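**Student:** Got a structure for you, written out below as structure tokens; questions coming shortly.
The values are calculated or read from the model by the stated rules, or taken from the named source; none is laboratory data. Every value quoted in this text rests on a predicted model; they were computed, and no experiment measured them. Glycine also receives a Cβ, built like all others from the backbone with ideal geometry; neighbour counts cover every protein chain displayed.
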Amino acid sequence: MVESDLAAVLSVAGEVHRDYPERPEIFAERLRLFPAGCRIAADTAGAVLGYAVLHPGVLGRPPALDAPLGRLPDSADCLYLHDVALLASARGLGLGEAVVAYARRLAGERRLAWLALTSTPAAAGYWRRAGFGPFAAADTALAAKLASYGDGMAYLVAPVPLTPTS
């Protein structure tokens with residue numbers, strides 16, 4: 001993803017995540033802070049079919065919906081899958097699996113032992129099948145962040161196997 005992709009990304013977001021809107025500045029900030037975590041999927045004609053916005057985070061402390069980060073945390077211990085959106089026409093192409101594989105690889109390279117995300121109720125089954133499970137150490141701060149998204153949200157995590165460094 002590059003800055004010129006943001007209009008198309010926002011269009012996909014508006015279609016896929018109507019109930020979870022975020023301002024354009026949020027996408028631009030994530031791209032500026034962590035470009036390695038901002039990816040698009042496009043068809044052969046260059047039309048954007050979906051995107052992923054990932055960034056380092058702190059386990060159990062997701063950002064609130066539509067909230068700027070300001071900066072990446074110094075004590076990051078997870079790669080947070082902030083947003084993954086695919087148009088209906090892109091489903092079944094293996095793009096979701098590709099995002100998860102990319103996230104695992106990126107987290108491993110950064111020595112982040114966990115993937116984390118806030119799942120919408122409709123997507124929770126997909127994420128569970130992809131190896132994510134509930135975060136065991138829920139608290140009131142996490143509950144407040146989840147409430148900023150609406151009812152039925154789930155904070156899910158998956159371990160990232162790290163290889164020992166030499």
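**Student:** Being at pLDDT 90 or above and assigned to a helix (DSSP H, G or I) is the filter here; which residues of region 122-141 pass it?
**Tutor:** Within region 122-141, Ala123, Ala124, Gly125, Tyr126, Trp127, Arg128, Arg129 qualify.
**Student:** Among the listed residues Pro21, Pro73, which satisfies the condition of being surrounded by fewer than 17 Cβ atoms within 10 Å (Cβ to Cβ) and modelled with pLDDT of 95 or more?
**Tutor:** Going through Pro21, Pro73 in turn, just one is surrounded by fewer than 17 Cβ atoms within 10 Å (Cβ to Cβ) and modelled with pLDDT of 95 or more: Pro73.
**Student:** Something else now. Looking at region 142-166, which of the residues that are β-branched (Val, Ile, Thr) and part of a loop (DSSP other than H, G, I, E, B) is farthest from the chain's Cα centre (by Cα)? Steps first, please.
**Tutor:** Of all residues in region 142-166, those β-branched (Val, Ile, Thr) come to 157, 160, 163, 165.
Okay, now just the ones that are also part of a loop (DSSP other than H, G, I, E, B), so 160, 163, 165.
Numbers: Val160: 15, Thr163: 23, Thr165: 27 Å.
Looking at residues that are β-branched (Val, Ile, Thr) and part of a loop (DSSP other than H, G, I, E, B), I get Thr165.
**Student:** A follow-up question, please. Gly70: more than 15 Å from the chain's Cα centre (by Cα), outside any helix (DSSP H, G or I) and of a type outside the set (A, V, I, L, M, F, W, C), yes or no? It would help to see each step written out before you state the result.
**Tutor:** Details: more than 15 Å from the chain's Cα centre (by Cα): yes; outside any helix (DSSP H, G or I): yes; of a type outside the set (A, V, I, L, M, F, W, C): yes.
Judged against the criteria, Gly70 is a match.
**Student:** Within the group Arg61, Arg104, which residue is surrounded by 13 or more Cβ atoms within 10 Å (Cβ to Cβ) and in contact (Cβ under 8 Å) with a residue 60 or more places away in the chain?
**Tutor:** Answer to the check: Arg61.
**Student:** Can you tell which of Val84, Val2 is aliphatic (A, V, I, L, M) and loosely packed, with under 15 Cβ neighbours inside 10 Å?
**Tutor:** The match here is Val2.
**Student:** While we're here: Could you please let me know if Leu117 is farther than 23 Å from Ser11 by Cα, touching a strand residue (DSSP E or B) at 6+ places or on another chain (Cβ under 9 Å) and at pLDDT 95 or above?
**Tutor:** no
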